[in-house]
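Step one of this worksheet: look at the structure below.
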Amino acid sequence: MADSFKQLHPLQHLAAFSPSSPSQIQPGPTPRCYPGSRQAQAEISDMETQRNPHTQLGAADLTVQLCSESLKTTSPESKAFGTVFTDHMLTIEWSEAEGWGAPRIRPFGNLSMHPACSSLHYGIQLFEGLKVYRGEDERLRLFRPMLNMKRMSKSARRVCLPAFDEVELLECIRRLVEIEQDWAFISGPSMHLYVRPTFISTEASLGVKRATRALLYVIICLAGSYFSGGSEGLSLWADPKYIRAAKGGTGDCKLGGNYGGCLAAQYEAKEFGCQQVLWLYGDDHQITEAGTMNIFLHWINEDGVEELATPPLDSLILPGVTRQSILEITRKWGEFAVSERYLTMDQLCSALEQQRVKEMFGSGTACMIRHLSQIVYKGECGRTPSDWTLLV
Ligand SMILES: *Cc1c(COP(=O)(O)O)cnc(C)c1O
């Protein structure tokens, strides 16, 4: 089956980033977080001297086991985001004693885990999300995947999971996408593949401590429109009683625990007739993010200047790849001021009153760019002008 894939869509059709020659591959940084005690430091330098090159994550060690029958028969359009998975997955095990094992691509299947795994108890885990787009030229492209690899490394440092070679992991992901590429071809034009790298502690211990065993795996699902309702504007519920992240916290890392803790607010927003939460922070009710999206305000600011504004990366904000891309593109346009700055609800409300708001939108890999049409704040409804225009 793999051979026929290759004939249909040759390797060069997958235009993802990959290292051009093995000699360019740098060994990754030391797979440790920063130990507090001198004793810990001594143990770690002993470990370092015992390490050998085979303990690094290496795409050259990749083995591939294909499934006997593809499950590509479902009609993906009717399925919700994140429910239809492709035939294979990538798994790479790590242990403190042996370093990184050989990456494996194998048939998609359940994981078997010790019930005491610290990822299940203490959220010692993280994830990423990136999309594979099929262009009009039929070629598949991963969108800026190195930025996801770098953010994944940062999340790993935050929960003391080991470092990995980002270039090598990306090459393994590229191989997985290559094997699964037919899934992108059966899906409709609005469908993409969504790649979900996941990194979990498999430490079988109830102690709250750094993992000595971990599993990095990558699965792929079909992704159409993330929110039901397609391209319509989203309504947001803004209540300062809940916060998503705190200064010095983990809101700037893609750690699973950040999301579970948001669910109650998400469902409360629905009780108020809204689709997502507008996350506020601080006594001045700073605007931070919308649901799991970064937020942008295109407005005439307090000084009368046309500006595209988004909150700065100050540890409350997840550094989105889409966010970064929007900032880079609009700065290149040079059509209006582009700022990373604080925005408060007071500023937004008076701008809405004075009709200075041109557009608000959320950004993220899953939803791409999503217009925000309505905000419920202090029991009142603030509508952005483009929503009014629709209503007229
Ligand atoms: C993933 C995520 C985003 C968007 O990041 P992208 O890299 O653009 O997908 C924004 N906010 C939160 C909280 C996220 O988890």
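The values are calculated or read from the model by the stated rules, or taken from the named source; none is laboratory data. This one's a predicted model, so the numbers in the text were calculated from it and none came from an experiment. Cβ: placed from backbone, ideal geometry, glycine included. Neighbour counts: every protein chain shown.
Report yes if some residue within the range 277-284 is in a helix (DSSP H, G or I) and either aromatic (Phe, Trp, Tyr) or buried (at least 20 other Cβ atoms within 10 Å of the Cβ) (or both); otherwise report no. Among the residues of the range 277-284, not one is in a helix (DSSP H, G or I) and either aromatic (Phe, Trp, Tyr) or buried (at least 20 other Cβ atoms within 10 Å of the Cβ) (or both), which makes the answer no.
Any chance you could count how many residues in the range 136-152 are surrounded by fewer than 19 Cβ atoms within 10 Å (Cβ to Cβ) and out of contact with any strand residue (DSSP E or B) (no Cβ under 6 Å at 6 or more places or on another chain)?
Selection size over the range 136-152: 8.
Going residue by residue through the range 276-292, is there one that turns out to be polar (S, T, N, Q), over 22 Å from Asn148 (Cβ atoms) and either within 13 Å of the ligand (Cβ to nearest atom) or modelled with pLDDT under 95 (or both)? Talk me through it step by step, then tell me what you get.
Taking the range 276-292 as the starting set, the residues that turn out to be polar (S, T, N, Q) are 276, 286, 288, 292.
Subsequent filtering for residues that are over 22 Å from Asn148 (Cβ atoms) retains 276, 286.
Restricting the remaining residues to those that are either within 13 Å of the ligand (Cβ to nearest atom) or modelled with pLDDT under 95 (or both) gives 276.
Checking the range 276-292: at least one residue is polar (S, T, N, Q), over 22 Å from Asn148 (Cβ atoms) and either within 13 Å of the ligand (Cβ to nearest atom) or modelled with pLDDT under 95 (or both).
Taken over the range 304-325, the criterion of being near the ligand (Cβ under 8 Å from one of its atoms) and in contact with a strand residue (DSSP E or B) (Cβ under 8 Å, 6 or more places away or on another chain) is satisfied by Ile317, Leu318, Gly320, Val321, Thr322, Arg323. Within the range 239-269, the residues that satisfy the criterion of being more than 16 Å from the ligand (Cβ to nearest atom) and either among the polar types (S, T, N, Q) or surrounded by 14 or more Cβ atoms within 10 Å (Cβ to Cβ) (or both) are Asp239, Pro240, Glu268.
Flag: Arg106 matches the condition of being farther than 18 Å from Ala211 by Cβ, surrounded by fewer than 18 Cβ atoms within 10 Å (Cβ to Cβ) and not polar (S, T, N, Q). Each residue in the range 285-307 was checked for being surrounded by fewer than 22 Cβ atoms within 10 Å (Cβ to Cβ) and farther than 26 Å from Gly257 by Cβ, and 9 pass. In the range 363-381, the residues that are modelled with pLDDT under 85 form Cβ pairs under 8 Å with partners that are away from the ligand (no atom under 16 Å from the Cβ), at six or more places apart or across chains, as follows: Cys381/Gln374; Cys381/Ile375.
Does the range 256-274 hold any residues that are within 19 Å of Lys241 (Cβ to Cβ) and either of a type in the set (Phe, Trp, Tyr) or not in a helix (DSSP H, G or I) (or both), and which are they?
Going residue by residue through the range 256-274, those that are within 19 Å of Lys241 (Cβ to Cβ) are 258-274.
Scanning the range 256-274 gives Tyr259, Gly261, Cys262, Tyr267, Phe272, Gly273, Cys274.
For the range 295-303, indicate whether the set of residues that are closer than 17 Å to Gly251 by Cβ, modelled with pLDDT of 95 or more and within 14 Å of the ligand (Cβ to nearest atom) is non-empty. Among the residues of the range 295-303, at least one is closer than 17 Å to Gly251 by Cβ, modelled with pLDDT of 95 or more and within 14 Å of the ligand (Cβ to nearest atom), which makes the answer yes. Examine the range 121-128 for a residue that is modelled with pLDDT under 95 and not assigned by the TED database to the domain that holds Ser315, and state whether such a residue exists. No: the range 121-128 contains no residue that is modelled with pLDDT under 95 and not assigned by the TED database to the domain that holds Ser315. Of all the numbered requirements in (1) surrounded by fewer than 18 Cβ atoms within 10 Å (Cβ to Cβ); (2) closer than 17 Å to Glu289 by Cβ; (3) within 16 Å of the ligand (Cβ to nearest atom), Ser363 misses one, and that requirement is (1). In the range 113-140, the residues that are β-branched (Val, Ile, Thr) form Cβ pairs under 6 Å with partners that are assigned to a loop (DSSP other than H, G, I, E, B) and away from the ligand (no atom under 16 Å from the Cβ), at six or more places apart or across chains, as follows: Ile124/Ala211.
For the range 199-208, give me each residue that is part of a strand (DSSP E or B) and surrounded by fewer than 18 Cβ atoms within 10 Å (Cβ to Cβ).
Keep residues of the range 199-208 that are part of a strand (DSSP E or B), which gives 199-201, 204.
Once the filter is applied, which keeps residues that are part of a strand (DSSP E or B) and surrounded by fewer than 18 Cβ atoms within 10 Å (Cβ to Cβ), the range 199-208 yields only Ala204.
Out of curiosity, is Ala211 in contact (Cβ under 8 Å) with a residue 12 or more places away in the chain, within 13 Å of the ligand (Cβ to nearest atom) and assigned to a loop (DSSP other than H, G, I, E, B)? Criteria not met by Ala211. For the range 339-351, give me each residue that is surrounded by fewer than 20 Cβ atoms within 10 Å (Cβ to Cβ) and either within 16 Å of the ligand (Cβ to nearest atom) or free of Cβ contacts under 8 Å to residues at least 60 places away in the same chain (or both). Hits for the range 339-351 are Ser339, Glu340, Arg341, Tyr342, Cys349, Ser350.
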